[in-house]
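Okay, so here's the structure we're looking at.
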Amino acid sequence: MDQAVLVSIQVGLPQERVVDGGKNAEARTWESGIFKFPVSGPVRLGALNLEGDGQADLQNHGGLFRAVLGYSADHYPTWRADLEMPDLGYGAFGENFTIQGLTDETVYLGDVYAVGETLLQVTQPRMPCWKLAARWRIKDLTARVHERNWGGWYHRVMKEGLVEAGQAVRLVERGSSDFSIAFIAALMKQWIDDRGAMRALAAHAALTPRWREVFAERAA
């Protein structure tokens, strides 16, 4: 595989949005940090966030095990064609890091990557919620992302430091080669029934604690 590259970095703080309820419904508000926009130059990555970034729903996003969301730049040509949005820019899926040369199928749980001054470990798939569809006002977008199994993946920060778009994303330690991000996401969605895999993941130190609990419950 050619060297993977961090082609774009996006950040954004939670903002309150208003959804028009239509003719017979009241407008409602919702808060999210899914609106991410590219930044140039060096950006500091701390244990919990990139500088200038944040999440609204800390139960399902953010924290030590979900500090950075990665998404494959390789998926964008397909999405631009399918959505008929040729100008769909990086960060469209709420990701912090848009990475060329890696996909949900080639990234594995526990992989450690060096990016700039930092070290990042892969901790779980990202399972997008309704807010992704609301962000683009495309009713079935979240469902389509799930169908393709292209949600992206989270990292924890093992070493803090500066990162910058254009830098290499270098694999320094391969994690669990049996557990790609795509496989774990499919297992969580119950597309696959593999109790052995669930038990192994329930005991895997790299996996986000809540996911370990879910797999332990299902494997019992």
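So the values come out like this:
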{"read-out": "Net lengthening on full extension, residue 28/residue 160 (0.36 nm per residue, minus Cα-Cα)", "value": "43.7 nm"}
{"read-out": "Within the range 105-172, GluC sites (Glu not before Pro) in DSSP loop having at most 15 other beta-carbon neighbours inside 10 Å", "value": "105, 117, 160, 164"}
{"read-out": "Selected from 197, 75, 163, residue furthest toward positive end of dipole (the chain; charges at beta carbon)", "value": "197"}
{"read-out": "At most 16 other Cβ within 10 Å, DSSP loop - GluC sites (Glu not before Pro), the range 32-101", "value": "51, 84"}
{"read-out": "Tensor-based shape of the range 1-118 (alpha-carbon gyration tensor, a/c under 1.5 rounded, otherwise prolate or oblate)", "value": "oblate"}
{"read-out": "Solvent-accessible heavy-atom area per residue, rounded to whole Å², over the chain at 1.4 Å", "value": "48"}
{"read-out": "Environment charge at residue 163 (Cβ cut-off 9 Å; Lys +1, Arg +1, Asp -1, Glu -1)", "value": "-1"}
{"read-out": "Within a Gaussian network of the chain (alpha carbon springs, distance under 10 Å), most fluctuating of 126, 137, 199", "value": "137"}
{"read-out": "For residue 38, net neighbour charge (Lys/Arg +1, Asp/Glu -1) across residues whose Cβ lies under 15 Å away", "value": "-4"}
{"read-out": "Surface share of carbon and sulfur [accessible, 1.4 angstrom probe, percent] for the range 30-136", "value": "53"}
{"read-out": "Mean separation of Cα contacts under 8 Å, 6 or more apart, over the residue count of the range 1-98: relative contact order %", "value": "33"}
{"read-out": "Dipole magnitude of the chain about its Cα centre (Cβ charges: Lys, Arg +1; Asp, Glu -1), debye to nearest 20", "value": "420"}
{"read-out": "The range 66-138: C-alpha gyration tensor shape, a/c 1.5 cut-off, then a/b vs b/c", "value": "prolate"}
{"read-out": "Residue with peak Gaussian network fluctuation, the chain [Cα springs, cutoff 10 Å], from 209, 38, 77", "value": "77"}
{"read-out": "Spatially near lysine pairs across the chain, Cα under 24 Å, sequence gap of 8 or more or different chains", "value": "8"}
{"read-out": "Distance between the range 22-94 and the range 151-167 - C-alpha centres, whole angstrom", "value": "14"}
{"read-out": "Most mobile of 87, 140, 193 in a GNM of the chain (Cα contacts under 10 Å)", "value": "87"}
{"read-out": "Helix-only [θ]222 nm of the chain, DSSP H runs n ≥ 4, -39500 (n - 2.57) each, per residue, nearest 500", "value": "-6000 deg cm²/dmol"}
{"read-out": "Positive minus negative residues near residue 14 (Lys, Arg vs Asp, Glu; Cβ under 14 Å)", "value": "0"}
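The values are calculated or read from the model by the stated rules, or taken from the named source; none is laboratory data. Keep in mind that what you see is a predicted model, and the values were worked out from it rather than measured. Using ideal geometry, Cβ is built from the backbone for each residue, glycine included, and neighbour counts are taken over all protein chains shown. What goes into the accessible areas is simple: the full protein's heavy atoms, side chains included, and nothing from ligands, DNA or RNA. Shrake-Rupley method; radii C 1.70, N 1.55, O 1.52, S 1.80 Å.
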